[in-house]
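To start, the structure under review is shown below, and the notes come after it.
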Amino acid sequence: MWRFMLEEKLEELEQKIGYSFRDRRLLEQALTHSSCANERRINKSEDYERLEFLGDAVLELVSSDYIYRENRDMSEGQMTKYRSAVVCEPALAFCARDIGLPQYIMLGKGEEATGGRNRDSIISDVMEAVIGAIYLDSGMEAARTFIHRFVLSDLKNRQLFYDAKTILQERVQKENKGSLRYELTGEEGPEHDKTFMVEAYIGSVRVGSGAGHSKKAAEQRAAYEALLHMDQGGRPH
């Protein structure tokens, strides 16, 4: 029964990402955290860590090639900084959440209980492991297609999200709008899996709100909402 349910979940994820594995065991391995592998008493090589190592290298090559071709006026330093922003841990976790990847990760009971499913470090590692699995299953072009679709798409909007706090701070200073601050307005959930609610203010005016599994993530979302509202010509809330 467990194996049947697992196969159903793997097939569901394949449909989401638009790729069917010839060797589905690679996808299973890419989703298996070491805590789960230990509980199931399977070989250490069957967790995602080796695939993550490979996927990281493939992702770096594909993203470097893309940035090089699409930004012909960028210097080496600018391209390096841009690539770091595109493939950093929070960015990959953001992309992974877009396709619902966290719900498919197989964790041990202890890791699950301490909020591992919402941890950016684990989610981003699994994203790289899936890339590594696709590369082993079908080669570079299949991995490139996945990366272009789920990591390198809509970069302008994603870049705005990744750098939202910095961009908002710079805009507030440039336009002399007043002081920017973030206010924690609430917390929900158990200690190991809290959700924080934050509001962004310019002076006494609320300009955005956001929620996240850390105060920093909530602030980032609040800043992003404020920027979107300002770019649309809206007035502060």
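None of the figures in this text is laboratory data; all of them are computed from the coordinates on show. Keep in mind that what you see is a predicted model, and the values were worked out from it rather than measured. When we count neighbours, we look across all protein chains shown, and the Cβ atoms used for this are built from the backbone with ideal geometry, even at glycine.
Computed values, structure above
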item: Hydrodynamic radius of segment 83-221 per Kirkwood, over alpha carbon pairs, in Å; result: 16.8 Å
item: Estimated [θ] at 222 nm from DSSP helical runs (n ≥ 4, -39500 (n - 2.57)) normalised by residues in the chain, nearest 500; result: -19000 deg cm²/dmol
item: Segment 35-90: trypsin sites (Lys or Arg not before Pro) in DSSP loop, at most 10 other beta carbons within 10 Å; result: 41, 72
item: Modelled FRET efficiency - R0 25 Å, residue 64 with residue 89, Cβ distances, 0.05 increments; result: 0.90
item: Extension gain, residue 188 back to residue 174 (0.36 nm per residue minus Cα-Cα distance, nm); result: 1.5 nm
item: Pairs of Lys in segment 133-237 closer than 23 Å at Cα, counting only those 8 or more apart or on different chains; result: 11
item: Kirkwood hydrodynamic radius over Cα pairs of segment 164-231, then Stokes diffusion coefficient at 20 °C and 1.002 mPa s, in µm²/s; result: 179 µm²/s
item: Computed Rg/Rh of the chain, alpha carbon atoms with Kirkwood Rh; result: 1.02
item: Sorted by Cβ neighbour density within 10 Å, fewest at the top, the residues 19, 48; result: 19, 48
item: Likely footprinting exposure, 3, 206, 25, fewest C-beta neighbours within 10 Å first; result: 3, 25, 206
item: Cβ-based charge dipole, segment 137-178, positive-most Cα from 166, 139, 176; result: 176
